[in-house]
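Below is one structure; the comments refer to it alone.
The values are calculated or read from the model by the stated rules, or taken from the named source; none is laboratory data. Predicted model, so just to flag it, every value in this text is computed and none were measured. Note: ideal-geometry Cβ built from the backbone for every residue, glycine included; neighbour counts use all protein chains shown. Ligands, DNA and RNA are excluded from the accessible area calculation, which covers all protein heavy atoms including side chains. Shrake-Rupley method; radii C 1.70, N 1.55, O 1.52, S 1.80 Å.
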Amino acid sequence: MSFSKDVKNELARVPMHDMEIVEAELAAYIRTCGVISLTKDLNIGLSFVTENAPVARRIVSVLKRVTDSGVEVMQSKNLQLKRNKHYKIRVEDLDSVQALLMDSDFLRQDNVFQMNYTLDAKFLRSADAIRAYIRGCFLGAGSITAPTKRYHLEFITHDRTHGADLCKWLNRVQLGAKGIYRKDDYIVYIKEAEKISDLLAFMGASRSVLEFESARVVKDVRNSVNRLVNCETANLTKTVDASARQVEDIELIERIYGMDRLKEDVRRVAELRLSHPQASLKELGAMMQPAMSRSGVNHRFKKIRALAEKLRGVSSERV
């Protein structure tokens, strides 16, 4: 089972003690996974579609809390999407449909054919109501990538105004949500790991927060170790390359110029490099008598380099 399904399964079991919470979630479901249709008699029909069984049960539970109308649940398979099951929940009584849509501020009395994807602030007056609305939006149209892969949580909205409105509610609780068009949808997303963790906690997915944070810690430690290893590897490669160049310069000087013509300190550094090709500058400095600093050793190698370049006809510098 995917991490996204685990999160939804946990959220679908969050208790709904207050009608304010029930109504806020219903408003979210209508705007995310709700399907509005017209019957042959030009009446308005309402159904909900989801691939998650616990979410389907949650929607049925919400509907039974707010209406006495019968609720029909149908199950089918989507042959185009890896044979995933689809659950369709339909409200049977058409009069109840209109009442539900108006009570959720999705339709208004002045124009029942104009769908309203924004939600008036009077419907979300408390933090619990905002929490329930955002939770409902995630259950209806949200997904989250497993934290072992990358940090990404998103809501797929089919209406630009709904996406912007959802961003507003998310950012009202400082969750750093942003929106972008993707094909015909408007995607509301969060990419910052800390904000995703905050959102999971805000919606009530405490177990998922622990799993997310655990994976995040392991991932961060692994990334830190990889950075250190890469840094050490780069430094080692740099040291080996520099040592190879220094040995090449010294051998050229020995062959053409003669080691005995070098100043004592320069000659001693050159001899140590030939006998210890793997040693760092600091290690070579410690071998000198008396000991020499890293910068002192590096200064002698610059002199060796200058002489080698001169012997190659590149410069006229002297040691």
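What FRET efficiency comes out for the pair Val240/Lys263, r = Cβ-Cβ distance, R0 = 25 Å, nearest 0.05? Working shown, then result.
Numbers: r = 27 Å, r/R0 = 1.07.
Approximately 0.40, to the nearest 0.05.
Each Cα pair under 8 Å and six or more residues apart adds its separation to the average, and for the chain the resulting relative contact order is 13 percent.
Summing -39500 (n - 2.57) over the DSSP H runs of n ≥ 4 in the chain and dividing by its residue number, what mean residue ellipticity at 222 nm do you reach, to the nearest 500 deg cm²/dmol? Don't skip to the answer; put the middle values down first.
Details: 11 runs with 174 residues, N = 319.
For the chain, the value works out to -18000 deg cm²/dmol.
Rolled with a 1.4 Å probe across the full set of protein chains, the surface gives Thr233 an accessible area near 70 Å².
Couplings for segment 240-256, taken from phi via the Karplus curve 6.51 cos²θ - 1.76 cosθ + 1.60 with θ = phi - 60°, read 5, 4, 5, 4, 4, 5, 5, 4, 4, 5, 5, 5, 5, 4, 4, 6, 9 Hz in order; Gly and Pro are left as x. With unit charges on the beta carbon (Lys/Arg positive, Asp/Glu negative), name the residue among Ser208, Gly258, Ala164 whose Cα is farthest towards the positive pole of the charge dipole of the chain. Of Ser208, Gly258, Ala164, it is Gly258. Counting protein heavy atoms only, the chain has 50 percent of its accessible area on carbon and sulfur, 1.4 angstrom probe.
With a ≥ b ≥ c the root eigenvalues of the C-alpha gyration tensor of segment 143-196, is it rounded (a/c under 1.5), prolate (a/b larger than b/c) or oblate? In terms of gyration-tensor shape, oblate. Subtracting the Cα-Cα distance of Val35 and Arg13 from their residue separation scaled by 0.36 nm leaves 5.6 nm.
Amide H contacts of Asp93 (H built 1.01 Å from N, in plane; Pro and chain starts excluded): Gly70 sit under 5 Å, all sequence-distant by 5 or more or on other chains. Rounded to whole numbers, the Karplus 3J(HN,Hα) couplings from phi for segment 213-229 are 5, 4, 5, 5, 5, 4, 5, 5, 5, 4, 5, 5, 4, 4, 5, 5, 5 Hz, using 6.51 cos²θ - 1.76 cosθ + 1.60 with θ = phi - 60°, and x at Gly and Pro. Note on surface exposure: Val218, Val97, Val173 rank Val218, Val173, Val97 by accessible area, highest first, 1.4 Å probe. Ligands, DNA and RNA aside, Arg305 has an accessible area near 90 Å² when probed at 1.4 Å.
Phi angles across segment 173-181 convert, under the Karplus curve 6.51 cos²θ - 1.76 cosθ + 1.60 with θ = phi - 60°, into 3J(HN,Hα) values of 10, 6, 10, x, 7, 9, x, 7, 7 Hz, Gly and Pro given as x. Counting only Cβ charges, +1 for Lys and Arg and -1 for Asp and Glu, the dipole size of segment 220-312 around its Cα centre is about 280 debye. Springs join every pair of Cα atoms under 10 Å in this Gaussian network model of the chain, and among Ala291, Ala193, Ala141 the largest mean-square fluctuation is at Ala291.
How would segment 220-312 be classified by its alpha-carbon gyration tensor: rounded, prolate or oblate, with rounded meaning a/c under 1.5 and the a/b versus b/c comparison settling the rest? Prolate. Among the lysines, select those whose C-alpha is under 26 Å from the C-alpha of Lys85, and discard any that sit fewer than 8 residues away in the same chain. Hits, sequence-local ones excluded: Lys5, Lys8, Lys64, Lys77, Lys149, Lys183. Estimate the FRET efficiency between Glu283 and Lys191 by the formula 1/(1 + (r/R0)^6), using the beta-carbon distance for r and 51 Å for R0, to the nearest 0.05. Using R0 = 51 Å, I get an efficiency of 0.70.
Along the positive direction of the dipole of the chain (beta-carbon charges: Lys, Arg +1; Asp, Glu -1; about the Cα centre), which of Leu94, Ile144, Ser104 reaches farthest? Going by the charge dipole, the pick is Ile144. Distance from the Cα centroid of segment 195-240 to that of segment 1-57 is 34 Å (rounded to whole angstrom). Per-residue SASA remark: Lys263, around 110 Å² accessible (1.4 Å probe; ligands, DNA and RNA not included). A 1.4 Å probe run over the protein chains yields, for the chain, 56 Å² of accessible area per residue, whole-number rounding. The slack in the chain from Asn298 to Val173, taken as 0.36 nm per residue of separation less the alpha-carbon distance, amounts to 39.4 nm.
Using a Debye calculation, one point per C-alpha and no hydration shell, please list log10 I(q)/I(0) for the chain at q = 0.07, 0.10, 0.12, 0.15 Å⁻¹ in order. One equal scatterer on each Cα of the chain leads to -0.49, -0.64, -0.81, -1.15.
Springs between alpha-carbon atoms under 10 Å, Gaussian network over the chain: tell me which of Gln98, Gln289, Gln75 tops the mean-square fluctuations. For the chain, modelled as a Gaussian network with Cα springs under 10 Å, the answer is Gln289. Residues whose amide H falls under 5 Å from that of Glu51, counting only those 5 or more places apart or on a different chain, are Tyr87, with hydrogens built in the peptide plane.
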